[in-house]
Amino acid sequence: MKRKFLYVFLLLALILSACGVGQSADAPAVVRIGWGASPDTLNPGNAILAVSYTIFELVYDSMYDLNLDGTFTLSIAESAEVSDDGTVWTFKIKDGLKWHDGQPLTAEDVAFTYNLYLNTPEYPYLNGYYTTYFDSIESTANNEVVLTLTEAIPNIESQLVFLYILPKHVWENVDKLEYENFEMMGSGPFKMAEYVQNEFVRLTANKEHFATPPKVDEVIFQTFDNQDALVQAIKTGQVDMITEMSNTAVANLKAEANVEVISGAPFSPGVTDIIFNQMLPENCPVDEGGLCTGHPALQDRNVRLAIAHATNKQQLIDVILLGLGTPGLTLIPDGLGVWYNDSLVDYEFDVAKANQILDDAGYADTNGDGVRETPDGSLPLTFRLNWPSDSIDTPRMAELLTDMWKQIGITLQPQAIDPDALTALCCPTFDFDIMIWGWVSDPDPSALLYVYTTDAIPYGSSETGYANPRYDELYNQQQVTLDFEERKEIVWEMQKIVHDDVVYVIPYYAQSVQAFRTDRFTGWITDQDKIELSDVSSLVRIEPVK
Amino acid sequence: MFTILFVILLNFFLFRVLPGDPARAGVRDPRLKADAVEALRVRFGLDKPIINCFNSLNPIQIGDCGVNPLDTQFFIYVRNLLQGELGFSYHTNRPVAEVLAERLWNTVLLIGVGQILAIILGMGFGIFAAWRARTSIDYVAVGTSLLLWSLPTFWLGILLLFWGSANGLPIAGKATPGMSSMPLLQQWGDIARHMFLPTLTYTIVFMGEYTLIMRSSLIDVLSEDYILTAKAKGLSAFQILKDHALKNAMLPLVTVIAINLGFTVAGAIQIESVFSWPGLGSAIFEAVVRRDYPILQGAFLLIAVAVILANFLADLTYSYLDPRVQAE
């Protein structure tokens, strides 16, 4: 009887598989992409998740395109001119641009969009961050957009690159906050065809795009909640490309015929940081709920320096990332290209030297329990170590760090904490000793450089409590330095300062790993500093394998 | 009714005891400035006191007891609910009712088919095993059922996923993107293909449980005197089962099914995440991570109603199966 049921099941399976759609030679070229996420919203103003921005990049145009090497190129404008004082930008919009519905895209749409972002404080990034320096925006009869800034800034490109141009004829009639934008009327190289949240996004090619008409006909992003399924899907050819995978799957997938695995700095480079609470009691932001219970030894640069010397970054990379990462220096990741100060020399892994530093600074193990005490003998060097419980890699790192730092007489009390609860402990509460967390970087270094500033302490962006007037001064200076080389020098000097002060120990910058099937499409861009196969640069370039 | 009222109250406070700020929702981004977070809090109404005298429950912040009680988060929540308004998701900005309806339908589809198959197969095997009690067939059936019941769902799911993907079955989602333009029959065929693996997993896991319960309860009944009487009357085995034994043996199974049904509206979270099935379970999981209060409140209300409804149905079935149990 049991066998009979099995037969019924198998029969059912056969019937069902017969229902599958056959593929003929003339079938449209459909790129199927597997990813582990789904856009939070298609309303660009409300969006928070990076995957939403991936879709915006494909469906919308913006003033500038961000290239994989970190540079920018003008997109919908044929020229950009700036006044002598640097506060008035005039963009001449190209003639003949069209929305997907055939209506013309003009300077009026651009001005409307920028004003929309500027006047909607509920838009967390597009208003809160990218329009900070906007004063007013107007369009002229000559198809020009005149953007007036409150002050001259050096990074107008990175301020405008995510401000996707929206069609005035749609958006002037909708509620800018509640509009879900499922139709997504855009002008970019792909058109929105169908969207089911948490299932898939289906885009069709806009073969009439003015700059980069795609060669394929359709792109589908399919959501996978399960990383094993993602890997299995590319192995069996259910998808043509996957944007992420666990590092443990890499070796296995590399052995697969017709699949190529690539790794490199992610499109939005990330950084993993070991955070020391060095908030001085006298600076504690009590009004913002500051408790400032950090271990006093961590306010001593010698202790942090010793910890830096006792941290074997290469081992962390090899064990945790299986080699898929680069050793870290400061919060500015190497994926940011020119902004990354590669002239800095890291503190070498040297346990003896680390011990020497602690000995010299007066941290001795007076009671012989293997743990050093503060110079006055009052406190052992026992630190709480916390990390967000949703991180898969960090428990292993905590274990490795516990062993490494034990060598220099430091004991850790590791504990994972719910990310939201950790945020509550972190900033500006400063109710912790050491935390392991991470950041994702904006294309411009300003965002992460801000984290070190004194200003960031009450706002909860500073996680260390580090305060250095010289650094703050340089931060403000680089914000308004228009000359590229000059600004780069300042940004490099800032990295040197925080590296010298050992504000953080940055174990690594993790790489992103992606894979594509070599028997389906060719032309993926794999030779740049950063990799992102789902970026518009690859998707407009690939074509079916003949 | 009282239960639902209690759930409505509990739902509101339960989630607000969680630490964390929904306006930040675990987002760590230096680009997210304090002004933007404040604007979001105002938009979601989170700047208002929770209830008189309390501004926040975690950490507990004592507020002004003199505030207008009509202008608190709690009152607005109750008022909206009475108007049938579940609010908007903080995370996706979509109406909660719309999101939940979408997800509920997916879950009901998966769980419904899975339950029906599990009930039919489980009952079948259970009856068969009880009828052939203490033979080698019975031992095999009991052994297999125990094994199936104790299998970790996600592990079985992953195994089936590997097997299925090697045999060309879809392993993620509910439908092939682009199918919506196809004829309805093909669309349904496509959904059925996508449902095959998760449903199979679900059926296998629950089948074992039902087999065991059916078997033991039927064996109990079969040892009753009136069964002996029936045998003595010369009734066939089939007649004894159908007319005399089965109805009585069904009671425990109905109880378990009702309990399972009520709770599985919450979605078989493990199955849903293995096969990327867009059901209620994964929606709840995501909402917890994002502190998406409106989704959580809506979903838990839905689950409470489902549990109550399932129990009510079980009670009705009792009185049908056993006339001694009468609805008062």
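Brief remarks follow.
- Looking across segment B:137-157 at every residue that is at the interface with another protein chain (Cβ under 10 Å from one of its Cβ atoms), modelled with pLDDT of 90 or more and surrounded by fewer than 20 Cβ atoms within 10 Å (Cβ to Cβ), the one that is farthest from B:G208 (Cα to Cα) is identified as B:V140.
- Each residue in segment A:478-513 was checked for being surrounded by fewer than 19 Cβ atoms within 10 Å (Cβ to Cβ), modelled with pLDDT of 95 or more and assigned to a loop (DSSP other than H, G, I, E, B), and 1 of them qualify.
- Lone unmet requirement of (1) over 25 Å from B:A23 (Cα atoms); (2) open to solvent by less than 40 Å² (accessible area, probe 1.4 Å); (3) assigned to a loop (DSSP other than H, G, I, E, B); (4) not assigned by TED's automatic domain parsing to the domain that holds A:P104 for A:P154: (4)
- When the criteria are applied in full, A:K94 meets the requirement of being over 29 Å from the mean Cα position of the chain (by Cα), closer than 24 Å to A:T71 by Cβ and open to solvent by 10 Å² or more (accessible area, probe 1.4 Å).
- B:T255 within 30 Å of B:V325 (Cβ to Cβ), under 20 Å from the mean Cα position of the chain (by Cα) and more than 14 Å from chain A (Cβ to nearest Cβ): yes
- In summary, A:I76 fulfils each of the numbered conditions (1) surrounded by 13 or more Cβ atoms within 10 Å (Cβ to Cβ); (2) at pLDDT below 95; (3) of a type outside the set (D, E) with the single exception of condition (2).
- Residue in segment A:178-186 that is within 30 Å of A:A308 (Cβ to Cβ), within 14 Å of chain B (Cβ to nearest Cβ), touching a residue at least 12 places away in the same chain (Cβ under 8 Å) and of a type in the set (S, T, N, Q) present: no
- Of all the residues in segment A:455-472, those that are open to solvent by 50 Å² or more (accessible area, probe 1.4 Å) and closer than 12 Å to A:P285 by Cα number 3.
- Listing of helices (runs of 4 or more DSSP H) fully contained in segment A:319-431 that carry 1 or more residues being within 28 Å of the chain's Cα centre (by Cα): A:394-406, A:419-426
- Residue check for B:A101: without any contact (Cβ under 8 Å) to a residue 40 or more places away in the chain, of a type outside the set (K, R) and either open to solvent by less than 20 Å² (accessible area, probe 1.4 Å) or more than 12 Å from every other protein chain (Cβ to nearest Cβ) (or both): yes
- Close pairs from segment A:379-391: first within 14 Å of chain B (Cβ to nearest Cβ) and within 30 Å of B:R290 (Cβ to Cβ), partner open to solvent by 50 Å² or more (accessible area, probe 1.4 Å) and aromatic (F, W, Y), Cβ under 6 Å, at least 6 apart: none
- Of everything in segment A:333-356 that is touching a strand residue (DSSP E or B) at 6+ places or on another chain (Cβ under 8 Å) and buried (at least 22 other Cβ atoms within 10 Å of the Cβ), the residue that is modelled with the highest pLDDT is A:P333.
- Taking the listed residues B:A237, B:A249, B:A245, B:A230, the one that is surrounded by 14 or more Cβ atoms within 10 Å (Cβ to Cβ) and more than 24 Å from B:L117 (Cβ to Cβ) is B:A230, with no other qualifying.
- Residue match in segment A:242-255 (condition: facing chain B (nearest Cβ under 10 Å) and over 24 Å from the mean Cα position of the chain (by Cα)): no
For every residue, the table says whether it meets (1) modelled with pLDDT under 95; (2) more than 10 Å from chain B (Cβ to nearest Cβ); (3) open to solvent by less than 60 Å² (accessible area, probe 1.4 Å).
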residue: A:P28; (1), (2), (3): yes, no, no
residue: A:G34; (1), (2), (3): no, no, yes
residue: A:M63; (1), (2), (3): no, yes, yes
residue: A:T106; (1), (2), (3): no, yes, yes
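- Checklist (1) touching a Ser or Thr at 6+ places or on another chain (Cβ under 7 Å); (2) small (G, A, S); (3) assigned to a helix (DSSP H, G or I); (4) surrounded by fewer than 22 Cβ atoms within 10 Å (Cβ to Cβ) applied to B:G168, failing item: (3)
- Hits in segment B:283-302 (condition: crowded, with 21+ Cβ neighbours inside 10 Å, part of a helix (DSSP H, G or I) and either of a type outside the set (A, V, I, L, M) or not assigned by TED's automatic domain parsing to the domain that holds B:L161 (or both)): B:R290, B:Y293, B:P294, B:Q297, B:G298
- Of all residues in segment A:252-296, those that are in a helix (DSSP H, G or I) and in contact (Cβ under 8 Å) with a residue 60 or more places away in the chain total 5.
- In this entry, A:Y475 is excluded by the filter for residues that are free of Cβ contacts under 8 Å to residues at least 60 places away in the same chain, in contact with a Pro (Cβ under 8 Å, 6 or more places away or on another chain) and either part of a helix (DSSP H, G or I) or surrounded by fewer than 17 Cβ atoms within 10 Å (Cβ to Cβ) (or both).
- Of all residues in segment A:387-408 being open to solvent by less than 10 Å² (accessible area, probe 1.4 Å) and out of contact with any helix residue (DSSP H, G or I) (no Cβ under 6 Å at 6 or more places or on another chain), the one that is farthest from A:G323 (Cα to Cα): A:W405
- Test: A:A447 is without any contact (Cβ under 8 Å) to a residue 12 or more places away in the chain and within 14 Å of chain B (Cβ to nearest Cβ): no
- The listed residues are B:G173, B:G114, B:G124, and the only one of them that is open to solvent by less than 40 Å² (accessible area, probe 1.4 Å), under 21 Å from the mean Cα position of the chain (by Cα) and facing chain A (nearest Cβ under 8 Å) turns out to be B:G173.
- Residue in segment A:168-179 that is modelled with the lowest pLDDT, counting only those that are under 22 Å from A:Y129 (Cα atoms) and open to solvent by less than 40 Å² (accessible area, probe 1.4 Å): A:L177
- Residue among A:L118, A:L126 that alone is in contact with a strand residue (DSSP E or B) (Cβ under 8 Å, 6 or more places away or on another chain), among the aliphatic types (A, V, I, L, M) and in contact (Cβ under 8 Å) with a residue 12 or more places away in the chain: A:L118
- Residue count, segment A:190-246 (criterion: in a loop (DSSP other than H, G, I, E, B), open to solvent by less than 30 Å² (accessible area, probe 1.4 Å) and within 30 Å of A:I93 (Cα to Cα)): 4
- Of the listed requirements (1) closer than 30 Å to A:F190 by Cβ; (2) assigned to a strand (DSSP E or B); (3) of a type outside the set (D, E, K, R); (4) open to solvent by 30 Å² or more (accessible area, probe 1.4 Å), A:F516 misses just one: (4).
The values are calculated or read from the model by the stated rules, or taken from the named source; none is laboratory data. These numbers were taken from a predicted model, which means no experiment stands behind them. With ideal geometry, Cβ positions are generated from the backbone for all residues, glycine too; neighbour counts draw on all protein chains shown. Just the protein is used for accessible areas: all its heavy atoms, side chains included, with ligands, DNA and RNA removed. Shrake-Rupley method; radii C 1.70, N 1.55, O 1.52, S 1.80 Å.
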